[in-house]
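In what follows, a structure is listed as structure tokens, so that the remarks can point back to it.
Computed from the coordinates by the stated procedures, all read-outs in this text should not be read as laboratory data. Keep in mind that this is a model prediction, so the values were computed, not measured. FYI the Cβ positions are ideal-geometry reconstructions off the backbone, even for glycines, and counts take in every protein chain you see.
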Amino acid sequence: MNIIEINNLTRKFDNKNAVDDISFEVKEGEIFGFLGPNGAGKTTTISILCTLLQPTSGLATISGHNVINDRDQVRSSIGIVFQDPSLDGDLTAEENLRFHGMVYNIPKEIREERIEYLLKMVDLYDKKDELTKNYSGGMKRRLEIARGLLHYPKVLFLDEPTIGLDPQTRNRIWEYIIDLQEKKGITIFLTTHYMEEAENCSRIAIIDHGKIIALDTPDNLKKDLKGDLITLKTSDNSAAKELIQSCFTIRPEIKGDSLYLYAENGENFVPKLFRALRNLEITSVNVRKPTLNDVFLKLTGREIREETLDAVGRMRESSRGR
Amino acid sequence: MLKAVYTIWLREIKKFIRDRSRLVSSVAQPLIWLLLIGTGFGATFGNVGDLKYIQFMFPGILVMTLLFSSMFSAISIIWDRQFGFLKEMLVAPISRTSIAIGKSIGGASKSTLQALIILVFSPLLGIELGISRILIVIPLMFFISFTISGIGIIIAARMESFEGFNLIINFIIMPMFLLSGAIFPISNLPSWLSAIVNINPLSYGVDIMRWAITGVTERGPIYNLIILGLVCIITTTISVYLFSKGK
């Protein structure tokens with residue numbers, strides 16, 4: 001069963017396509033990852049699905065409701081955790097949840113019961129009477145996840161749920177996400193540019209320049225890259241490339257000062273490789289399983305630039321603190 | 001719809017009651033105006049008609065309280081946008097209209113409460129208010145500040161940041177206050193100034209407030225009420241429209 005269906009969705013900003021004719025489905029109960037560098041169109045897509053932004057053309061439905069015409073039904077069936085915090089810092093955690101429960105029209109007794117349950121779930125019950133402006137980044141995010149769940153949405157959208165958080169908190173948040181999917185059967189739609197996180201998803205769509213360039217399970221995406229990734233540095237990379245191409249049915253690529261090639265059973269392949277390159281000086285070698293970063297690299301010829309993204313993340317984090 | 005408006009209102013009130021320091025400063029400012037300008041100008045002007053200057057000015061100071069408080073309350077939408085909470089409201093299954101109306105009613109409630117605190121000082125100025133007058137003054141305060149909130153939301157609906165904030169204070173709020181007849185009578189003004197006063201909706205609020213508190217009026221309560229009613233309908237409609245269209 002598809003819970004989200006997207007058909008030929010396009011959104012233009014000043015004649016530039018932020019989202020360019022994308023189509024895909026999200027199945028009920030899966031963790032769907034939306035992966036891509038900043039500016040690829042992830043947040044734009046989420047904004048359209050959350051009814052905050054009108055598409056230029058195309059169609060999207062959530063649980064059968066059209067995001068353009070049936071906004072209120074869509075809004076009732078989704079929960080959202082935005083990339084930037086959206087709590088009222090001058091209200092306590094409990095009051096933030098209560099506000100949410102009231103605008104989503106949850107009957108009082110059920111509301112209060114769920115608030116208690118969810119605050120306990122995200123370990124914030126003993127801090128429920130504190131103003132959320134005094135919360136740390138991780139606590140805010142946890143509270144927002146609790147808030148997103150308060151009206152029992154069918155789909156929970158998480159826009160970069162772990163950006164700017166320390167590794168420990170990131171793991172905690174992932175535990176919640178996986179738990180929600182397994183125990184409650186909630187469909188989770190999340191965006192991320194962290195490759196390691198994307199591996200936890202049931203399926204992943206990779207988006208770049210507003211287009212979906214791949215969509216599959218993490219394993220299948222990696223299977224396309226045959227075998228293990230071997231990174232090699234030699235005294236003469238282009239000579240090495242020629243040699244490898246003539247000896248094996250492999251086409252290595254030169255990027256920077258390294259040679260990249262994929263080979264099945266990398267550990268056993270390296271000795272053969274060394275034998276073939278015996279006339280060259282090999283300065284370093286590395287064998288590892290391919291990651292989604294390699295998938296992205298293969299598909300786009302670029303890396304998702306972690307360094308610049310982290311700088312953006314830090315900036316965002318520091319502006320949050322104000 | 002009603003529940004949504006109530007929820008938005010409740011949030012405004014809760015935050016208002018919690019923020020004591022802002023309450024104190026928002027009441028202190030008009031009292032300082034009253035004390036300094038009232039005494040200072042009073043010494044020069046003497047009386048305005050049958051009223052002592054400070055009595056003449058007092059209703060103007062009440063409207064000033066309403067003006068500042070309602071404007072700031074409406075403009076807090078920019079804060080909500082900046083700190084992300086506006087998004088939480090916008091993705092909720094409630095209409096944009098109820099958000100705008102909830103904000104306006106919240107702002108009007110807060111402003112009325114503040115103006116009532118100022119009103120407590122009226123006996124010190126020799127103004128005797130019976131229960132019947134107070135029963136007219138309270139809804140009037142609410143009505144005037146609801147109208148001003150609409151203007152505030154119109155301004156805030158398209159503002160993304162606080163960069164224009166000083167501009168608003170210097171070029172909208174202060175002129176509206178100074179050219180409303182709050183601190184000087186409008187009967188003997190040169191025609192160009194008089195024209196500006198006449199297109200300033202606040203001057204109708206000041207005149208009707210002065211009528212309700214002292215019985216003195218320039219234009220008569222009915223005329224004031226009609227103009228204010230029209231302004232209220234127009235600003236509320238525009239503010240709701242802009243808010244529904246905005247991001």
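Summary table below
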item	result
Using alpha-carbon coordinates, inclination of helix B:96-119 to the longest axis of chain B, degrees	30 degrees
Length-normalised contact order of the stretch A:146-194 in % [C-alpha pairs under 8 Å, at least 6 apart]	52 percent
Tilt relative to chain B, helix B:201-214 - C-alpha long axis, 0 to 90 degrees, to 10	50 degrees
Two-site label geometry, residue A:265 and residue A:13: point separation in nm, points 7 Å out along Cα→Cβ	5.1 nm
Structure-based [θ]222 nm, chain A - -39500 (n - 2.57) summed over DSSP H runs of at least 4, per residue, nearest 500	-11500 deg cm²/dmol
Spatial separation of Cα centroids for the stretch A:172-230 and the stretch A:63-80, in angstrom	24 Å
The protein assembly as shown, Cα convex hull volume normalised per residue, Å³	192 Å³
Length-normalised contact order of the stretch B:43-170 in % [C-alpha pairs under 8 Å, at least 6 apart]	40 percent
Rounded to whole Å, sorted largest first: equivalent-ellipsoid semi-axes of the stretch A:1-123, Cα gyration tensor	30, 17, 14
Cut-off under 5 Å, modelled amide H: who pairs with residue A:204 long-range	A:33, A:216, A:217
Amide hydrogen neighbours beyond the local backbone of residue A:255, cut-off 5 Å, H modeled	A:260
Global geometry of the stretch B:112-216, whether rounded, prolate or oblate, following the gyration tensor of its Cα atoms and the 1.5 cut on a/c	oblate
Length released on extending from residue A:276 to residue A:133, taking residue separation times 0.36 nm less the Cα-Cα span	45.2 nm
Percentage relative contact order, chain A, counting C-alpha pairs under 8 Å, at least six apart	19 percent
Residue A:3 long-range amide H proximity, modeled H, under 5 Å	A:26, A:27, A:28
Candidates A:138, A:64, A:79: whichever shows maximal mean-square fluctuation once chain A is modelled as a Gaussian network with Cα springs under 10 Å	A:64
At R0 = 45 Å, FRET efficiency that the Cβ-Cβ distance of residue A:254 and residue A:168 yields, to 0.05	0.70
MRE, 222 nm, helices only [DSSP H, n ≥ 4, -39500 (n - 2.57), over chain B, to nearest 500]	-25500 deg cm²/dmol
D (Stokes-Einstein, µm²/s), Kirkwood Cα radius, chain B, 1.306 mPa s at 10 °C	86 µm²/s
Volume per residue of the C-alpha convex hull in the stretch A:72-193, rounded to whole Å³	103 Å³
